[in-house]
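Single-structure report; data block below.
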Amino acid sequence: MTVTPLGIPRRLLEFTIDGEVARVPEGSTILDACRAAGKDVPTLCEGDTLRPKNACRVCVVEVEGARTLVPACSRKAEPGMVVRSGGERVRHSRRIVLELLASSVDLSTTPRVAGWLKEYEAKPDRFGPAAARLDEEPRVDNDLYVRDYGKCILCYKCVDACGDQWQNSFAISVAGRGFGARIAVEHDAPLTDSACVYCGNCVEVCPTGALSPKREFDMRAAGTWDESRQTETTTVCAYCGVGCTLTLHVQDNEIVGVTSPHDNPVTHGNLCIKGRFGYQHVQNRG
Ligand code: SF4
Ligand code: SF4
Ligand code: FES
């Protein structure tokens, strides 16, 4: 008999979102409630496997009585709250956040951002050609993943995944200040001279493609990466007895990437170097 562990029953809280009554379990965030109510709140630094970082502020909503807009991803829902998820104040704030990000980094591989720029009528060009921009060459210093910091929005998700929230390798951190701030390994060395163990758990949480598997990076550069032609197959990693759940991303009968489901109770989306990157032997047909 399969026993499904039930979570501790939680009291339902009642409040209103955009004039409609919302009921969510105690401990839920405003974002959880908005999503349950079918509201499309944009997010970038929020991660379903990470603690909220409050770094990007693109998810802000209005809470009656609050002096400032609040980040929906981290603010817990409270009984009686009156939330407005999309008024002009909210739209204005999201527009500016999107304009500042899009004018300073390359968001071309950030899912959904093109739609949000349109929806919020953001005009990243309005700062003019002299606006500071992070134009950096991608750092290709190993065979497994690429760091393209010209796409980095400094959301800190990679740092948290590498640190105490998952991997505990602490290989990366933020170096520098202001516009000079960068995610870096110690002494800004190549990855090969760092404490990185190439688990790729940072790559998994990166929302912009600033970190990407080398295979994907190469295929994008060659114009052959095509998610519409990819299928996903769930299997179990055979490298060790932990037996992590793997999702194989296959294009043209070749594995082009490996991930793990974020809701898997063992991996929570994380893998080690072997599970994530060690698949070449499967398709070595030579
Ligand atoms: S691959 Fe793993 S160890 Fe290396 S920086 Fe990313 S999370 Fe840290
Ligand atoms: S590399 Fe990716 S995950 Fe890390 S801070 Fe930059 S955008 Fe966020
Ligand atoms: S998604 Fe909420 S602050 Fe970034």
### Query
For the chain, modelled as a GNM with alpha-carbon contacts under 10 angstrom, which of GLY86, GLY257, GLY19 fluctuates the most?
GLY19
### Message
Restricting to DSSP loop positions (anything but H, G, I, E, B) with no more than 10 other Cβ atoms inside 10 Å of their own Cβ, which trypsin sites (Lys or Arg not before Pro) remain in segment 167-265?
### Response
ARG177
### Message
Could you give each residue of segment 166-180 its phi-based ³J(HN,Hα) in whole Hz, using Karplus coefficients 6.51, -1.76, 1.60 with θ = phi - 60°, and x for Gly or Pro?
### Response
9, 7, 6, 8, 6, 7, 10, 7, 9, 10, x, 10, x, 5, x
### Message
Using amide H atoms built in the peptide plane, which far-off residues or other-chain residues are under 5 Å from TRP225 H to H?
### Response
ARG220
### Full-extension gain in nm, ARG11 to ASN284, via 0.36 nm per residue minus C-alpha separation
92.9 nm
### Message
Spelling out what I want: for every residue of segment 191-208, take phi, set θ = phi - 60°, compute 6.51 cos²θ - 1.76 cosθ + 1.60 (Karplus), and round to whole Hz; glycine and proline get x.
### Response
4, 5, 9, 10, 7, 4, 9, 6, 6, x, 5, 5, 4, 4, 9, 5, x, 10
## Note on the structure
In nm, the gap between the two label points placed 7 Å beyond Cα toward Cβ at HIS92 and ALA175 is 4.0 nm
## Note on the structure
Placing each pseudo-label 7 Å from Cα in the direction of the beta carbon, VAL140 and ASP193 end up separated by a distance in nanometres of 2.1 nm
### Query
Among residues other than GLU119 whose Cβ falls under 15 Å from its Cβ, what is the net charge (Lys/Arg +1, Asp/Glu -1)?
+3
### Query
Where both residues lie in segment 1-108, what percent of DSSP beta bridges are antiparallel, nearest 5?
85 percent
### Query
Ignoring ligands, DNA and RNA, how do TRP116, TRP166, TRP225 rank by accessible area with a 1.4 Å probe, largest first?
TRP166, TRP225, TRP116
### Task
Provide the net charge surrounding ASP164, with neighbours chosen by a C-beta distance below 15 Å and charges set as Lys +1, Arg +1, Asp -1, Glu -1.
+2
### Message
Just to confirm the number: angle between the C-alpha axis of helix 88-104 and the first principal axis of the chain, 0 to 90 degrees, nearest 10?
### Response
30 degrees
### Query
So what does log10 I(q)/I(0) come out to for the chain at q = 0.06, 0.11, 0.16 Å⁻¹, using the Debye formula with one equal point on every Cα and no solvent?
-0.22, -0.76, -1.38
### Task
Pop out the ³J(HN,Hα) list for segment 151-158 in order, Karplus 6.51 cos²θ - 1.76 cosθ + 1.60 with θ = phi - 60°, rounded to Hz; leave Gly and Pro as x.
10, 8, 9, 6, 7, 6, 5, 5
### Task
Show the residues, 5+ positions off or on another chain, whose built amide H is closer than 5 Å to the amide H of VAL256.
HIS249, VAL250, GLN251
#### Entry: Solvent accessible area, Å² - VAL266, 1.4 Å probe, full protein context
100 Å²
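At 1.567 mPa s and 4 °C, plugging the Kirkwood radius over alpha-carbon pairs of segment 57-108 into Stokes-Einstein gives what diffusion coefficient in µm²/s?
For the chosen part, D equals 108 µm²/s.
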### Task
Quick one: which residues, 5 or more positions from VAL146 or on another chain, have an amide H under 5 Å from its amide H? H modelled 1.01 Å from N in the peptide plane, none for Pro or chain starts.
SER212, LYS214
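Hey, got a sec? Which GluC sites (Glu not before Pro) in segment 24-108 land in a DSSP loop and have at most 15 other Cβ atoms within 10 Å? If you can, show how the numbers build up before the last one.
Details: sites: GLU26, GLU46, GLU62, GLU64, GLU88, GLU99; in loops: GLU26, GLU46, GLU64.
Loop-located and lightly packed - GLU26, GLU64.
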### Task
With no solvent and one equal point scatterer placed on each C-alpha of segment 1-133, evaluate the Debye formula and give log10 I(q)/I(0) for q = 0.15, 0.18 Å⁻¹, two decimals.
-0.76, -1.00
### Task
Would you calculate a helix-derived [θ] at 222 nm for the chain, using -39,500 (n - 2.57) for each DSSP H run of n ≥ 4 and dividing by the full residue count, to the nearest 500?
-5000 deg cm²/dmol
### Message
Tell me which trypsin sites (Lys or Arg not before Pro) from segment 61-100 have a DSSP coil assignment and no more than 10 other beta carbons within 10 Å of their own.
### Response
ARG67
### Task
Give me the percent of DSSP beta bridges within the chain that run antiparallel, rounded to the nearest 5.
95 percent
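The values are calculated or read from the model by the stated rules, or taken from the named source; none is laboratory data. Note that the structure is a prediction, hence the values are computed from the model and not measured. Here the Cβ is made from the backbone with ideal geometry for all residues, glycine too, and neighbour counts use every protein chain on show. Ligands, DNA and RNA are stripped out before the accessible areas are found, and what is left, the full protein with its side chains, is counted by its heavy atoms. Shrake-Rupley method; radii C 1.70, N 1.55, O 1.52, S 1.80 Å.
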